Each structure stands twice: as structure tokens, then as C-alpha cells.
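The values are calculated or read from the model by the stated rules, or taken from the named source; none is laboratory data. Fair warning: this is a prediction, and the values are worked out from it, not measured in the lab. Because the Cβ atoms are built from the backbone with ideal geometry, glycine has one as well, and the counts that use them run over all protein chains shown. Surface accessibility is based on the protein's heavy atoms, side chains included, excluding ligands, DNA and RNA. Shrake-Rupley method; radii C 1.70, N 1.55, O 1.52, S 1.80 Å.
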Amino acid sequence: MTVLPWRFLAIAVFVPVLLVIAAAMVGANVGGGVERTLIVFFINLAAVAGMGLYCGNSGILSFGHLSFMGIAAYTSAILSLPVAMKNMTLPNLPPVLAAIHLDFVLALLVAVAFSMLVAYVAGLVIARLEGAAATIATLALLIIVHGVIIGARDITRGSQSFFGVPRETDIWVAAAVCAVALVIVRLFRDSVPGLKLRAAREDLIAAKANGIGVKHERMLAWVLSAGLVALAGVALGHFLGAFSPKKFYFHDTFALLAMLIVGGMTTMTGAVVGAVSITLVSEILRRLEGGIDLFGYQLPEVFGTTQIGIGLIILLVMFRRSDGLAGLDEWDERLLPWLFRRKVPEGDDAPKLAATTNDATLTAETVTKRFAGLIAVDKVSLSLAPGEIVGLIGPNGSGKTTLLNLISGVLPATEGVVKKGETVITEMPAHRIAGLGIARTFQNIRLFRTLSVRQNVLAAALNAWPKRSVAEAEAASAAALDWMGIADKAEFKANTLSYGDQRRVEIARALALEPDFLFLDEPAAGMNREETDALMETLRKLRDTLGLGLLVVDHDLPLIVRLCDRVVVLNEGKLIAEGAPGDVQKNPDVITAYLGRKRQDDIAA
Ligand SMILES: Nc1ncnc2c1ncn2[C@@H]1O[C@H](COP(=O)(O)OP(=O)(O)OP(=O)(O)O)[C@@H](O)[C@H]1O
């Protein structure tokens, strides 16, 4: 399922496919060295794009993908080797394998499927890991697979060259492999799992708090990307005709990673730019490495020039453009931005957020949170009814944000129970709690910074429960943006907006989940008085129109007093007062603890 209309994506993939076909035609006509270089280029590009599908969308760099290239190349080679040849070169091959002889296409399909199966098994561990741990695990995978290939001598000829592989990869096969990889990578980026993964890549905590659980999406990206790299591996094996395990180890991992990093690993465009740049630079440096004649002066051979040169290019790109030469946008997003502008119906046809039908109360019963020696929240009980606006106040460090984190599942409670109606949600992961209709914003704005405003909100809207279609989620997103008055900024990147607008996007993102309860952590921070008043008006309207229960944390006391039906006061993790804003304001404990003696005098005056 894609989050962009198919006709847009058709344009986005049509151009690169056309370029691949054009390049293949040139290569086929010119022949010789150019054709060979182009074949290798297509195969490398397919592999880099495949790696980018996982690395770019998840934000996790992988050192392990060459293992899938190796697994696929060996599998396809063994399956397609003629039986007589196998008897001669692999006398100890298990009988089942010795008797099999598949044609190229069938061998390719089996090899890719087998590689994806291995990826799935490895993914049970790797796809659950985050950040550096995941990257290191992929490195371990590369080493393990390399060891297995060398160790399985009867099947792979160990570290010796595996030869006699039918040479089936011509320029058209390589071009087809490349085109398939580019199309799948581009489509995945704007698929529902692709958008969720990219959101989680930008901010995992915010993603979870907006209902985005990425376990399945990460596994899907891992297995799909392994499949594409495997496809490239089969093509490579049947192009070379002979290879050894070192072809699928560190040296080539470095070369492909260089393409990925230099081009930019988050896009298909980046894969193309990276593959073109590194191929060109490698070709030039390789010639230099062998020593060249420069205007009659013979330059000496300098071994290692290619590696050093590529290393320097990586350094330079990281220094000047850390997102890679192609940046974070696809070519179509950059050159054809009008493709992505959406017309939202207006007037009576304008999309609307549905009013909540929830009648369950949210309750926290004696919840406690201990951080090592510190008790941040100490046996606090709190309730929030549908349609109620509750203010949560207290001095700095009194435990307000921690309490929101406990109820929304961002932090596990040390003790206590949180329930929505009769449903206990204390042990639930944050994304499931969000799916149950409990949405929130953060004190330190947590947007998916490099995604557009529309994508930020849509990524959340897709997780509302019961499940809805992309069109319904888009309608909810448009309505949420309209509520917060930022519909006209839908195509802006979130990190380009003003502070106030970023806060509004965060609220719109939470609203797009069509929640029953909404927690706002300092929603007016950074807004001027006019903006704060407008926000208050919107929040009140949200309650009146949609029936939401709102829990608002803010240091702006006039806002809290004017907005809230009830106020809860924390001090040093303990609940010290609760009641109508007017009563709480006069409570001596609150005045002492929260406002201090000086303000006490001010208020009395
Ligand atoms: N992850 C954490 N690890 C250790 N201590 C923490 C953690 N999060 C919060 N604390 C501590 O818990 C206490 C309560 O912090 P919390 O952020 O909930 O207060 P707050 O009332 O929201 O403060 P503020 O108004 O300044 O945002 C503070 O002493 C804080 O330092």
C-alpha cells in the first residue's frame, strides 16, 4: 500500500528505468570495456539500492548485506551448474544438490528466495536491534556467512575459486536487475511501511507515542533489501563465471557502502548518484594506480590509490554534505514538487475529525516511578474523564512530564496501575497505548524532522484504531492540519517551520490519531500571548466539538486557570492538591510549594 497515488509514483520510477534502458542500449552497441563496466555498474547499483532500502528507511547502517550477495551467488551457481561439471569439480556434493540442474531463471528465483529466508532468520535478531547494536550485528552476520562459505568446502570449494558458472548475465539481464531494484526501492519509500520506518528513523520515541510500531516494518525492509542484494549477487555470479568467498567480504562491502554513503542512503536517487560517482572515480583512479603517461612523463604505479581516493571522497562528503550528494529528497520530490501537492476538498466536503464515542475514564492508580535513588513520581493517582480538561502543574522537576510518560507508556511505571475504563494499559508498549486512543505531544518538540508536515501527520493517522485506509488517514490528516491552522504548510519540511508552528504540527499529529484523550506537555511554550490565546480557543473547541479529554501541563498559570475544569498539583513527585482552578490557586500548600513566598504575597495583594 503506497501513501502516494500510483500515477505519481509511476512518473517517479519511469525516468530512472528509462535511463537504465538507454544506458543499456548504448552499452550493447558500443560493446567491449564500456559494456563490461556498465554491467558491473548496473549490478552494483542494484545492490546499493537494495542496501539503501533497509539502511535508508531504518537509519541503520548495515555491513552484512554482502553476505546475501554471496549466499545467492553460490546458491544459484550450484543449482545451475551442469551435473557433469558438478561431478568433476564438486565430487563430495550432497546427492540432492549433485543431481539438480536448474535453468538460470529458476536458479535465480530459488537463490533469491533462499537468501530472503536466511535474512528472515537473521532478522529475528537483527531487525529487533536499534542503532549501533544493529550495525554491529550485521557485521557479525557478514563474518559468520563468510566463515560458513569457507567451511562448507564440499559445496562451495571453500576459499578456492568456484568456477564454471554459466555466464547468463549480459547487459540486458544486468539492466533488468537494476531496474527492478530501483522500482522496488522507490515504491517502498512511499509505501505505508516505508513512511512509518522513516518516521521512526527520525524519532523513535515520538513514533511509538504516535502508534507506530516498527517491528514488522523493519523486518519487511530487511528481508526485501536482502532479496534485492541477492538478485544482484546472482547476476554478478553469472557475469563473472568464477568467484571466491572474498568477493563477498570486506573489500566489496566497503565499495558498496562508499556508494551508499557518498550518494545518500535515504533515497533511490542517492543510490544512483553514489554508484555513478564512485564508479567514475574508481575507473579514473584505477588507471592512475597502474601508472600513466602524463604529457611524456611516466607517473609511477601507486598501489592503493583507489582505496585512498574513495576514502577521501567519503571524508569530504561527510564533511560538506553529511546526507550524501543527493541529500534527503528523491529527484522527483526535488524537481516536480507540484506532484506532491494535494487538493483537499473545502466547504461542506472538507474532511472532518470524528467526535470520540469513548465513555471510559482514564485512571492512574498510585503510580510510582523511581530513577535509581530518585522518586520522580510518588504514588500519584489521577483521573481524566471524556470531555474534561485537567491541568497538571507543579514546580520544575516535580514529576509532571514523568507522569505523562508513565501514562502514555513512554516509560514503564515502577509501581501502580493505569487503566482506560477497565482495560489495564500499564504493561502495554507505547504504540499500542496510542492506538487505544491516548495521544500526546512532548515538552521538547519531537517531530519527524526531515519529513513534510503532511507526512508527519499521516504517519500517525495511519495507526488509528480500528484500522483505516490510506485515503481515510489522509482525510484525517488534512482535518487535523486544518484544526491547527497549518494546512497551508502541509508540504513544508517540519524542521523548516517556526517554533510555534512546530508545536501546532505536533498537536495536529496527535489529533490525526483521532484520540479519546490528548496529553499536551507545555503546548504554549515558545508562543506569544496572541498565539497562546488562539491555542486555548482551539483546545476548548476541540473538547467541545470532539469530546476529547485533555491533560495539559504548562507553567503558564493564567492559561491553566482559564482553560481547565480541574487542576492537579505535583510537588517533589507527590500529589499535593487537586480541585477547581480557583480553589487550587488559594491552597496554601500549593502557594508555598509551587508559587513561593514572594508570589504568595503578590496573589494576596
Ligand atoms: N530518565 C530519567 N532519569 C533520571 N531522572 C529523571 C529522568 N527523567 C526525569 N528525571 C528526574 O525526575 C524528576 C522529575 O522530572 P520531570 O521532568 O518529570 O519534572 P517536570 O515536573 O516535568 O519538570 P519541568 O517542569 O522542568 O519539565 C526530576 O528530578 C528529573 O531530573
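Annotations
- Candidates Ser244, Ser225, Ser282, filtered to the one that is surrounded by fewer than 24 Cβ atoms within 10 Å (Cβ to Cβ) and in contact (Cβ under 8 Å) with a residue 40 or more places away in the chain: Ser244
- Residue check, Phe448 within 24 Å of Val505 (Cβ to Cβ), aromatic (Phe, Trp, Tyr) and within 13 Å of the ligand (Cβ to nearest atom): no
- Residue among Phe63, Phe104, Phe114 that alone is open to solvent by 10 Å² or more (accessible area, probe 1.4 Å), out of contact with any Gly (no Cβ under 7 Å at 6 or more places or on another chain), of a type in the set (Phe, Trp, Tyr) and within 24 Å of Thr266 (Cβ to Cβ): Phe63
- Selection from the range 306-362 of residues that are polar (S, T, N, Q) and within 24 Å of Ala510 (Cβ to Cβ): Thr356, Thr357, Asn358, Thr361
- Among the conditions (1) more than 27 Å from Gly237 (Cβ to Cβ); (2) open to solvent by 50 Å² or more (accessible area, probe 1.4 Å), the only one that Val276 does not satisfy is (1).
- Pairs linking a residue in the range 569-580 that is open to solvent by 50 Å² or more (accessible area, probe 1.4 Å) and within 12 Å of the ligand (Cβ to nearest atom) to a residue that is assigned to a strand (DSSP E or B) and among the hydrophobic types (A, V, I, L, M, F, W, C), with Cβ atoms under 9 Å and 6 or more positions apart or on different chains, are Glu572/Ile375; Lys574/Ile375; Lys574/Val377; Lys574/Val380.
- Close Cβ contacts (under 8 Å, 6 or more residues apart or on different chains) running from residues in the range 507-521 that are among the charged types (D, E, K, R) and within 16 Å of the ligand (Cβ to nearest atom) to residues that are assigned to a helix (DSSP H, G or I) and open to solvent by less than 10 Å² (accessible area, probe 1.4 Å) comprise Asp521/Leu404.
- Leu124 vs. criteria open to solvent by 80 Å² or more (accessible area, probe 1.4 Å) and either at pLDDT 95 or above or closer than 19 Å to Leu66 by Cβ (or both): no
- Checked against (1) crowded, with 22+ Cβ neighbours inside 10 Å; (2) in a helix (DSSP H, G or I), Val183 passes all but condition (1).
- Matching residues in the range 286-305 - criterion: being open to solvent by 70 Å² or more (accessible area, probe 1.4 Å) and under 40 Å from the mean Cα position of the chain (by Cα): Arg286, Arg287, Phe303
- Residue match in the range 367-390 (condition: in contact with a Pro (Cβ under 9 Å, 6 or more places away or on another chain), touching a residue at least 12 places away in the same chain (Cβ under 8 Å) and over 30 Å from Ala473 (Cα atoms)): yes
- Being closer than 14 Å to Phe162 by Cα and open to solvent by 50 Å² or more (accessible area, probe 1.4 Å) is a property that Pro95 lacks.
- Tally, over the range 465-524, of residues that are of a type in the set (Lys, Arg) and within 16 Å of Arg440 (Cα to Cα): 3
- Any hit, the range 464-485, residues being in contact with a Lys or Arg (Cβ under 9 Å, 6 or more places away or on another chain), free of Cβ contacts under 8 Å to residues at least 40 places away in the same chain, more than 16 Å from the ligand (Cβ to nearest atom) and part of a helix (DSSP H, G or I): yes
- Here the strands (runs of 3 or more DSSP E) wholly within the range 338-431 that include at least 2 residues being among the basic types (Lys, Arg), modelled with pLDDT of 95 or more and within 15 Å of the ligand (Cβ to nearest atom) are 362-371.
- Which listed residue, of Gly421, Gly437, is open to solvent by 20 Å² or more (accessible area, probe 1.4 Å), at positive phi and not basic (Lys, Arg): Gly421
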